[in-house]
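Beneath this line is the structure, given in structure tokens, with notes to follow.
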Amino acid sequence: MSIDPGIKRLHIGLANTCNHRCTMCFIKDYSIVLQPIVWKERLTPLYRQLDEIMLAGGEPTFIDWTKEYVKYVLSINPKLKFSMFTNGHLFDDWWIQLFKERGTWVNFSLNAACKDTYLKVNKGGDWEAVIENIKKFRAALPEKTNMRINSSMVIAGDNFKEIAEFLQLSNDIGCNHASIFYDHNSKTIPDLDIEYTNKAIEVAKTLPNLAVWGLERFKQYIENSAKAVLPCGPINYNLYIDIYGDVRYCCLIVHPDGVIGNLYKNTLDEILNSEKAIKVKEMIKSGDLQYCSSYCSPLTKG
Ligand SMILES: C[S@@+](CC[C@H](N)C(=O)[O-])C[C@H]1O[C@@H](n2cnc3c(N)ncnc32)[C@H](O)[C@@H]1O
Ligand code: SF4
Ligand code: SF4
């Protein structure tokens, strides 16, 4: 048995540890930590073949061993690139240097267009520090850069009126991408007034340097007109390991039956060569998205 050589990107949740407590955050237990038997013993054979590791948490910049993890995987594969979801609060010079040298993208989860809203949503956050860190990162890069400097907003009850302003702000502080997410559990999506989404769509058209992802999809989601997003790219090259060691082809596979194995129980080659893994891959490749989130599947509520 062997690990599929087509897997080139690993998305890994290192720990649920976080310095914030965002109102919509899907994390239930912030104390869970991925153990070395998974990230060291089980995953080391994979690191050699990867192009990129996407760091996730919890908050990667707050987890006290993320930097050691980065050094470890680089000792196995010095060509690795990195991407990361972060709240940006502790995105200091070490992170700026790492991403300047080896980054493909950083997603700063702003979730707001102003300090008041930010503090309501990102509980424990520091608005000024985050904005400053994003600007500093932008300034550290050449004017023409391939780096995706991404901001994001999870639409929720406290922020849905300022999607347009969030896009404008993202543009003004130097982001070149902005992503619109919505609550997977739909718990914090209010009775939305479509007017705010339409306004954001108009503002997005005036920002040629900001690529906006997810806004049209969100509109389709609330209007119930979404179609399947096909073909799926990530199924061919991506792997997601969550904080519990569960393995999926992608973090947006939300149905429990889409989990193909667990790295505390089995090795990666056993998991990837299992009947379950082969079945889930075939399903998604053939356009059956019943395990996938509503970002891709029109059938799923989550
Ligand atoms: C769980 S966070 C972990 C990384 C980091 N702490 C951060 O906030 O960027 C990963 C992404 O999920 C988003 N997120 C949090 N709760 C969510 C929810 N209920 N639905 C959709 N996305 C959510 C966050 O805003 C962030 O962009
Ligand atoms: S910063 Fe990220 S991990 Fe932390 S509470 Fe907010 S969404 Fe959750
Ligand atoms: S949710 Fe499913 S269809 Fe969407 S990217 Fe992930 S695996 Fe592909």
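The residue list 119, 90, 141 contains one member that is away from ligand 1 (no atom under 14 Å from the Cβ), touching a residue at least 40 places away in the same chain (Cβ under 8 Å), closer than 21 Å to residue 169 by Cα and surrounded by fewer than 18 Cβ atoms within 10 Å (Cβ to Cβ), which is 141. For the range 278-302, give me each residue that is under 22 Å from residue 5 (Cβ atoms) and touching a residue at least 24 places away in the same chain (Cβ under 8 Å). Correct list: 280, 281, 284, 285.
Exactly one residue out of 54, 24 is over 19 Å from residue 5 (Cα atoms), under 17 Å from the mean Cα position of the chain (by Cα) and touching a residue at least 24 places away in the same chain (Cβ under 8 Å): that is 24. Scanning the range 133-155 for residues that are under 19 Å from the mean Cα position of the chain (by Cα) and closer than 18 Å to residue 212 by Cβ returns 134, 147, 148, 149, 150, 151, 152, 153, 154, 155.
Report, by residue number, each residue of the range 122-138 that is in contact (Cβ under 8 Å) with a residue 24 or more places away in the chain and in contact with a Cys (Cβ under 9 Å, 6 or more places away or on another chain). Within the range 122-138, 122, 123, 124, 125, 134, 138 qualify. Does the range 224-232 contain any residue that is of a type in the set (D, E, K, R) and outside any helix (DSSP H, G or I)? Scanning the range 224-232, I find at least one residue that is of a type in the set (D, E, K, R) and outside any helix (DSSP H, G or I), so the answer is yes. Would you confirm, using the coordinates I've provided, whether residue 83 is of a type in the set (Gly, Ala, Ser), at pLDDT 95 or above and within 16 Å of ligand 3 (Cβ to nearest atom)? Judged against the criteria, residue 83 is a match. When residue 67 is tested against (1) more than 27 Å from residue 270 (Cα to Cα); (2) exposed (fewer than 14 other Cβ atoms within 10 Å of the Cβ); (3) away from ligand 2 (no atom under 14 Å from the Cβ), exactly one condition is not met: (2). When the test is whether a residue is of a type outside the set (Asp, Glu), more than 24 Å from residue 110 (Cα to Cα) and modelled with pLDDT under 95, residue 3 passes it. When the residues of the range 9-43 are filtered to those that are closer than 24 Å to residue 235 by Cβ and outside any loop (DSSP other than H, G, I, E, B), which remaining residue is farthest from ligand 2 (Cβ to nearest atom)? The extreme case among them is 42. Applying the criterion of being touching a Ser or Thr at 6+ places or on another chain (Cβ under 8 Å) and in a helix (DSSP H, G or I) to the residues of the range 73-109, the residue that is farthest from ligand 2 (Cβ to nearest atom) is 76.
The values are calculated or read from the model by the stated rules, or taken from the named source; none is laboratory data. These figures come from a predicted structure and were not determined experimentally. Note that each Cβ is placed from the backbone with ideal geometry, even for glycine, and that neighbours are counted across all protein chains shown.
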